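Have a look at the structure below before the remarks.
The values are calculated or read from the model by the stated rules, or taken from the named source; none is laboratory data. Keep in mind that what you see is a predicted model, and the values were worked out from it rather than measured. Here Cβ is always computed from backbone atoms with ideal geometry, including for glycine, and neighbour counts include all displayed protein chains. These accessible areas exclude ligands, DNA and RNA; they are computed on the full protein's heavy atoms, side chains included. Shrake-Rupley method; radii C 1.70, N 1.55, O 1.52, S 1.80 Å.
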Amino acid sequence: MRNTLDKKTLSVLQQKISEGLMPQWVVTDPEIHQVEIEKIFGHTWQFLAHESELKEAGSYVTRWIVNDPVLLVRTNSGELKAFLNSCTHRGVHLCTADFGKKKTFTCPYHGWSFNLEGELIGIVAGDKVYGEEMDKSEWGLRPIPRLESYRGMIFANLDKNAMSLEDYLGDMKFYFDILLGRSDGGMEVRGVPQRWVANANWKALQENFSADPYHVQTNHRSTVEMGISPSDPLYASYGHQVILGHGHGINVITGANGRSKFPFQATPESMWPMFERNLSPEQYDLLSRTTVFVGGVFPNLSFVSPVHGTEGHLHNYLNFRVWRPLGPDKVEIWCWFMIDKAAPEDYKEAAYRGYIGSFGSSGTLEMDDTETWARIVQASKGIMSRDKELNYNNVSNYLMGFGRVEPDENFPGRGIAYPTTYLDAISRSLHEYWFELISKDLLDAGEEAK
Amino acid sequence: MNAELHYEISNFLYHEAYLLDHRQYKEWLDLLSEDLVYQMPIRVTSDNKDASNLVYEMKHFEETKKSLTTRVNRLYTTSAWVDNPATRQRHFVSNISVAPGSRPEEYRVRSYFLFKRSRASDIETEQLFGEREDVLRKENGEWKIASRTIYPDQAVLSVMNLGMFL
């Protein structure tokens, strides 16, 4: 394939992004996709699991960082370790189960086996075929270069020189503290993540959660028609859209008067003193006034903490999801249901049912999202859409609030907060960080190629 | 199990599939008992020595008649986009076996399913397949589904969403 990501193309891209526009060709461009895999997914922090998924020594889960299989284990000393899930003998995908508990992992090809520390502990006929001088310690599983966690969220990074997870999360930590740290014992994952596949580009999904409450009224209008959601077309706009750096963002959605009709997200009143104990006064105040938190950690971790119910009662839960790119127009969705460990059991159960009815693989809100995500890639593959010279002026509009909405200096939370969520501020900052990462070295390389 | 009962129950399941494929969802709801339990656990990949490769703690569906009624009502709004334009769908039901249930007038019915869906002018079709375990009950001379457990065969579902009923 001809390399068309030259300096000129990148300059046009940069120019358009600075004007609040996004050339449509980047959505499904195969070359951009390859660059994203290497320069974004190879260097940013990738969510692997929540610590409640690995309760005991020997617990493991298998995950993916795009195309790198990852084996995450809890060792006998209780430590978490992550390895490339590939036998060091001939590269076989070592453990194919989704999760489980084990003391050793044995490759089905030639029987090499590894312990929870990733050490090679058994070679079939080892001494006879390799000689006694073979040093087993040289053939242990390859560790994923970086593994760090925050509030129970375990992230990995393939770049050993990457900034720390806490530096990367930055101001997002303030909101993670609210979402994940408000309760004693934190949050817990129920069961396993739901997994399914959508015909979509991962960027559209990240934008949808991080940056786009504007779609709620139309895309989820069926719930308005049914009287489940309010008819006010601005209902999802009240509150703040907050830019958090590194492409992260959150929408803190309240009511029209800046408060929520459902204090503390309709959680049991008995839990509120616990929230107060675990949160700073600013965080506690924000939680009391917020109906929905919805946002994302760049590049492909999104979350929503809404208030929902299918049986007439309203409940809150926390839903995290990873958009694993399978190609420029395909995404594997991983969707975790989390709930306060300290919540009453009957509340947890009702919240779970609320989740199933609204988000996740069968969620009535979710399924209309998948439809539009697919329509984006469907309309972005043609000659006009793929035009890198922009002869057809094929740019997408991210101008909502551009130069019109100013930050609210009185917002008590971290980040740059704008006083409405019907805004493209997060999208624009996401695109800027996206461009910064994909253009690294390429601007120079483009120069040399000339 | 006698052949006549098997025939009757098979016809009931085919009729149900017909209603779903022809988007007669309200008529479909009439086939469900008021105390219906409708669920779809998650299939996972696990080691052979582990007894089960199904997870019940988290499911794809966890429904009552009331929640299914909400789902059906949504499909009759003008803005359930996943079904507007309507997807074309077929429910294939086979390998039906009938065994006595735990109560008189109740039968345990197993069947295999293959679901195919076509969307707009996409050439690729979506599909789901697996097995169902139903409890069918005769109420006032009419068959009702008292419970249904859907076991998908895929750990990663190759459908965009579960907008359909299985």
Taking only C-alpha positions in the stretch B:123-166, Rg and Dmax in angstrom work out to 14.2, 45
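For the stretch A:10-101, divide the Cα radius of gyration by the Kirkwood radius and give the resulting Rg/Rh value with two decimals. Show your work: numbers first, answer last.
Values: Rg = 18.5 Å, Rh = 15.9 Å.
Checking Rg against Rh, the ratio lands at 1.16.
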FRET efficiency (residue B:97, residue A:259; Cβ distance; R0 41 Å; to 0.05) is 0.10
Of the residues A:94, A:137, A:209, the Cα lying farthest along the dipole of chain A towards its positive end, which is defined by charges on the beta carbon of Lys, Arg, Asp and Glu, belongs to A:94
Of the residues B:10, B:80, B:52, the Cα lying farthest along the dipole of the stretch B:1-94 towards its positive end, which is defined by charges on the beta carbon of Lys, Arg, Asp and Glu, belongs to B:80
Any DSSP H helix in chain A with Cα axial reach of 15 Å or more and mean Kyte-Doolittle score of at least -1.0? Listed by number, the hits are A:7-18, A:364-378, A:425-439
Here the alpha-carbon Rg of chain B over 2.2 N^0.38 Å rounds to 1.06
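How much of the accessible area of the protein assembly as shown, probe 1.4 Å, is carbon plus sulfur, in whole percent?
Carbon plus sulfur share of accessible area: 50 percent.
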Distance in Å, no decimals, from the C-alpha centre of the stretch A:378-450 to the one of the stretch A:1-74 is 16
Taking the square root of 5λ for each eigenvalue of the C-alpha gyration tensor of chain A, the equivalent ellipsoid has semi-axes, largest first and in whole angstrom, of 37, 31, 19
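Determine the shielding of peptide A:217-228 by partner chains: average, over its residues, the number of Cβ atoms on other chains within 10 angstrom of each Cβ.
Working: counts 0, 2, 2, 3, 5, 12, 5, 2, 7, 7, 0, 2.
That works out to 4 on average.
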Taking every residue of A:355-362, the Cβ atoms of other protein chains inside 10 Å of its Cβ average out to 6
Among A:16/A:39; A:101/B:49; A:160/A:330; A:102/A:136; A:160/A:203; B:59/B:138, the pairs whose Cα-Cα distance exceeds 18 Å are A:16/A:39; A:160/A:330; A:102/A:136; A:160/A:203; B:59/B:138
Ranking A:41, A:57, A:11 by how far each Cα lies towards the positive end of the charge dipole of the stretch A:1-111 (+1 on Lys and Arg Cβ, -1 on Asp and Glu Cβ), the top one is A:57
Given A:106-112, B:151-157, the highest-first ranking by average Cβ count within 10 Å works out to B:151-157, A:106-112
